[in-house]
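Following: one structure in structure tokens, then a few remarks.
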Amino acid sequence: MYYAPIAIFGYAVWLMSEYGAKMLGAYGKFLVAQYSFTLMHFFVVYSLLVALGGLNPVKYFKAQFTPFIVAFTTRSSAVTLPYNMEASRKMGVPDYIYNITIPIGATVNMDGTALYQALSAMFIAQLFGIPIQPYQVWLIIAAAVIGSVATAAIPGGGTIMLAYVLATLGLPLEGIAIMMVIDPLADAIRTAVNASGDNACTVLLTRIIGEKLQPQI
């Protein structure tokens with residue numbers, strides 16, 4: 001493990017020397033697409049969830065700011081746990097609810113990771129010139145969702161589980177090494193959205209079970 005960063009750096013140098021600006025441009029397009037779709041999911045889907053839960057989305061984003069930044073910088077849903085629980089308290093969620101939903105969500109609720117794995121599979125298929133059939137798009141979605149649930153709440157966990165998604169589609173596993181080059185940048189945003197989704201779902205669940213929110217913000 002000590003030598004893994006050196007190996008990734010060496011592989012990145014080889015990719016850049018072999019393919020130059022073309023590879024760098026491909027990485028740039030992937031990151032733009034990933035950040036765009038992930039942030040759209042964050043602002044649109046989560047706003048809808050908390051609104052259905054009876055909370056003003058502005059209050060949600062205000063309370064979620066600190067957990068979002070912590071998750072973005074640490075790239076770990078587990079590390080973000082206490083900050084997410086504090087955000088739930090500020091949003092007025094009863095403690096007996098968020099004490100259950102937030103720890104479980106940190107392990108299984110990985111929608112940002114699911115988006116990343118689906119986009120990565122499409123990206124790798126394009127790099128290797130492998131056409132994706134219409135039915136395989138649904139297979140990618142299903143594999144990404146299942147793979148994200150099994151992803152550990154640690155930095156880089158989503159890239160490790162990408163092996164399962166690629167194997168399901170019969171895509172080259174060499175694609176994992178290609179994605180590792182930009183993993184810190186890709187992992188930051190997907191982890192931030194993963195953690196934020198835990199609280200959005202918690203707010204909605206609070207209303208579903210008949211409890212009333214008492215926001216402190």
Exercise. Using a probe of 1.4 angstrom, how much of the accessible area of the chain is carbon and sulfur, in percent?
Worked result: 72 percent
Exercise. Out of [x] -0.47, -0.68, -1.47; [y] -0.55, -0.74, -1.20; [z] -0.62, -0.79, -1.22, which label holds the value of log10 I(q)/I(0) by the Debye sum over Cα atoms at q = 0.11, 0.13, 0.18 Å⁻¹ that was computed here?
Worked result: [y]
Exercise. Extension gain A7-A21, at 0.36 nm per residue separation less the Cα-Cα distance, in nm?
Worked result: 2.9 nm
Exercise. Using 7 Å Cα-to-Cβ label points, what is the K62/V44 separation (nm, one decimal)?
Worked result: 2.6 nm
Exercise. For the chain: lysine pairs with Cα atoms under 27 Å, gap of 8 or more or different chains, count?
Worked result: 5
Problem set entry | Probe 1.4 Å, protein heavy atoms only - accessible area per residue of the chain in square angstrom | 50 Å²
Problem set entry | Environment charge of N56, counting only residues whose C-beta is closer than 14 Å and scoring Lys/Arg +1, Asp/Glu -1 | +4
Seminar exercise, completed: The extension gain from L52 to I100, computed as 0.36 nm times the residue separation minus the Cα-Cα distance, is 15.2 nm
For this session: Can you tell me how much longer the chain between V145 and Q214 gets when fully stretched, taken as 0.36 nm per residue apart minus their C-alpha distance, in nm with one decimal?
Result: 21.6 nm
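The values are calculated or read from the model by the stated rules, or taken from the named source; none is laboratory data. For clarity, every value in this text was computed on a predicted model and none was experimentally measured. Here Cβ is always computed from backbone atoms with ideal geometry, including for glycine, and neighbour counts include all displayed protein chains. Calculation scope for accessible area: heavy atoms of the full protein, side chains included, ligands and nucleic acids excluded. Shrake-Rupley method; radii C 1.70, N 1.55, O 1.52, S 1.80 Å.
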